[in-house]
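Reviewing the structure listed below.
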Amino acid sequence: MAHKVLILKPVRLPNIARVSLLAVVIAALDGAAFANNYSVSEASSQHVTPGKSATGTLDLTTDGFVAPDSLSSFTVTFDFDRPNGSGSSTDPIVDISLDGFSVLSGGTVPDFGTMSYTFTQLSTDGSALLSEINSTGKLSYDVTTGTGNYYLDGATLSASDPVGKLPDGGSTMTLLGFGILGICAVARKFSFTR
């Protein structure tokens, strides 16, 4: 009775270099920095007069933001216009509140001119506004005046995730990379030929 003998020979796999390179790239991505940036604008052209405010809500979820999250900062910009003047010699007063918090009191819009006000908040400031955006993805605003009139032309909210955050934490990518390397090593070591 004859026995068959299997002889193990090393076999070169043509794609081993490509697969290994892919595994190394995947493992290197574990420490890569990915930041998500979100931005939403609202064109309003709301006329602001004494007793009539301009209000609205800027919603980052329309730009792909998924609440709750941990944003590192946000910036909100308001653009004003006073094309026809207000008929008075003094510039109208601009008061802005974000989610009920007063962020500007006593700003002005020049006669026959435009003006922009920008506010930036960082996570290190311990802001209740940033906490609210993190939990809902929304920021409401209220623009009022005590004297004169002007137009709120638009409002823009931009926010950023912390740098260094991976979509899935990175452990899955690392395990996948080492798994591919392990499969290649086993396939190369135990390639059978007849």
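The values are calculated or read from the model by the stated rules, or taken from the named source; none is laboratory data. In this text the structure is predicted, and so the values were computed from the model without any measurement. Neighbour counts run over all protein chains shown; Cβ positions are idealised from the backbone, glycine included.
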Residue in the stretch 58-80 that is at pLDDT 85 or above and in contact with a His (Cβ under 9 Å, 6 or more places away or on another chain) present: no
In the stretch 150-190, residue surrounded by the fewest Cβ atoms within 10 Å (Cβ to Cβ) [restricted to those that are among the hydroxyl-bearing types (Ser, Thr, Tyr) and at pLDDT below 70]: Ser171
